[in-house]
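The values are calculated or read from the model by the stated rules, or taken from the named source; none is laboratory data. Because the structure is predicted, anything quoted here is derived from the model rather than measured. Glycine also receives a Cβ, built like all others from the backbone with ideal geometry; neighbour counts cover every protein chain displayed. Side chains are part of the model used for accessible areas, which takes the heavy atoms of the whole protein and leaves out ligands, DNA and RNA. Shrake-Rupley method; radii C 1.70, N 1.55, O 1.52, S 1.80 Å.
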Amino acid sequence: MSLEAQILSRIRADGPISLASYMSECLLHPTLGYYATRDPFGQAGDFTTAPEISQIFGELIGLSLAQAWLDQGCPAPFTLAELGPGRGTLMADLMRATRAVPGFHAAARIALIEQSPVLRKVQAETLRPHEPTWHDSVQSLPNRPLFAVANEFFDALPIRQFVRSGPHWRERRVGAQENRLVLGLTDPAPVPALEHRLADTSDGDIVEYCPAIPTLVGTLSQRIAGQGGAALIVDYGDWRSLGDTLQALRAHRSTDILGTPGDADLSAHVDFEAIATVAREAGCAHSRLSTQGVFLERLGITARAQRLASAATGKARETIIAAHRRLTHPAEMGNLFKTLGLYPETAAPPPGLEP
Ligand code: SAH
């Protein structure tokens, strides 16, 4: 039975489901989900991410995390974690760039948080020499200093959507009409988690809420606050979510979110304020939100790109120049993508970020 047929029969039996349940089925269903069944990256896939655009991205993230590790007194051993590592490209570039940092590789225990069996296999090939271990979630990470990176991970986490209605909210849910999936609205009800949004929204506004963030970011932050470490979170989104940002991508084009369940990537803008708030409550400091362009410039992307370009010729050289532009230019990924750092209150933020 197709994933669409399964979702339709579940809705007929139990009633409409939240967008978060729908996203979760579409992305992570163990046999028919989007990430469970394919490697979605690159030209031939549905989308391209920063580490797949240029090796410089993972290199600079690596140097920032390694400097944070040095600044905190080189704790050993420590967990070097990546959330949603995709093909493992970022971690491979990070490890290559940090080879010369004394003691870093010897102390690092690489932990990959990944639910897709297909991508776990790709990661195992890419990262074999580094002997990674895999985890379904951050809860099972060992209790030791934690240096972590997440690129385009949070945008894949399921979100719920609510439409403001007077002092209450109506949830957008996925229902069934004849043989089709359709969007509908619940009756208005109070939503305690959105209490703080009554001040900056008005009737009809849509607000998104990611139910996984409290436990996920709470666990990460407790480790970092208690044991030392840092997390770099890079994703598209902004300080506060407003409006419907849920999108479906297929073959680099936007498509209907209900049209092809399990065959299109679904993602939503990241609400960085929600991450920062949970981190603070768990005793972690967080940086100011930086644009990806500024973050990479502060880490020296221009000098690094110039060095690589001067050693290359022809097409390879053009590719390096184009990648630099794509990652940093405000009209490309430079402004849409943001970086947030989490770190202990007693430490400085990782290089590239401001307190
Ligand atoms: N960071 C990579 C891949 C981004 S795509 C890059 O920049 O190229 C999102 C990644 O997160 C994929 O590896 C996907 O399988 C994984 N993922 C999505 N939802 C997840 C979840 N709830 N738990 C663990 N991994 C998840």
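Observations
- Some residue of region 154-164 being of a type outside the set (D, E, K, R) and surrounded by fewer than 16 Cβ atoms within 10 Å (Cβ to Cβ): no
- Subset of region 267-283 (residues that are more than 19 Å from the chain's Cα centre (by Cα) and open to solvent by less than 60 Å² (accessible area, probe 1.4 Å)): A282, G283
- Hey, S241 touching a residue at least 24 places away in the same chain (Cβ under 8 Å) and either farther than 30 Å from F147 by Cβ or hydroxyl-bearing (S, T, Y) (or both) or not: yes
- Failed criterion for S241 (all others in (1) surrounded by 20 or more Cβ atoms within 10 Å (Cβ to Cβ); (2) modelled with pLDDT of 95 or more hold): (2)
Here's the yes/no breakdown for (1) among the basic types (K, R); (2) at pLDDT 95 or above; (3) closer than 16 Å to I233 by Cα:
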site	(1), (2), (3)
R317	yes, yes, no
I320	no, yes, no
R325	yes, yes, no
T328	no, yes, no
E332	no, yes, no
K338	yes, yes, yes
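- In region 1-24, the residues that are closer than 17 Å to E171 by Cβ, in contact with a Gly (Cβ under 7 Å, 6 or more places away or on another chain) and part of a helix (DSSP H, G or I): I11
- On inspection, V191 fails the criterion of being touching a strand residue (DSSP E or B) at 6+ places or on another chain (Cβ under 7 Å), within 16 Å of the ligand (Cβ to nearest atom) and closer than 20 Å to I275 by Cβ.
- In this structure, A251 does not qualify as surrounded by 13 or more Cβ atoms within 10 Å (Cβ to Cβ), among the small types (G, A, S) and within 23 Å of the chain's Cα centre (by Cα).
- Qualifying residue in region 238-259 (condition: farther than 30 Å from Q177 by Cα and among the hydrophobic types (A, V, I, L, M, F, W, C)): yes
- Verdict on E52 being in a strand (DSSP E or B) and either surrounded by 17 or more Cβ atoms within 10 Å (Cβ to Cβ) or near the ligand (Cβ under 10 Å from one of its atoms) (or both): no
- Of all the residues in region 251-299, those that are under 19 Å from R38 (Cα atoms), in contact with a helix residue (DSSP H, G or I) (Cβ under 7 Å, 6 or more places away or on another chain) and in a strand (DSSP E or B) number 3.
- Of L27, L70, all but one fail to be under 30 Å from P350 (Cβ atoms), in a helix (DSSP H, G or I) and within 9 Å of the ligand (Cβ to nearest atom); the exception is L27.
- Applying the criterion of being part of a helix (DSSP H, G or I) and open to solvent by 40 Å² or more (accessible area, probe 1.4 Å) to the residues of region 172-208, the residue that is nearest to L246 (Cα to Cα) is A193.
- Qualifying positions in region 74-93 - open to solvent by 20 Å² or more (accessible area, probe 1.4 Å) and either of a type in the set (A, V, I, L, M) or not in a loop (DSSP other than H, G, I, E, B) (or both): A76, T89, A92
- Residue in region 295-305 that is of a type in the set (D, E) and under 25 Å from the mean Cα position of the chain (by Cα) present: yes
- Contact map, region 142-163: residues that are of a type in the set (A, V, I, L, M) paired with residues that are within 9 Å of the ligand (Cβ to nearest atom), Cβ distance under 6 Å, separation 6+ or inter-chain. Pairs shown: V149/E82; A150/L83; A156/S267; L157/A212.
- Residues in region 212-227 that are farther than 17 Å from L340 by Cα and among the small types (G, A, S): A212, G226.
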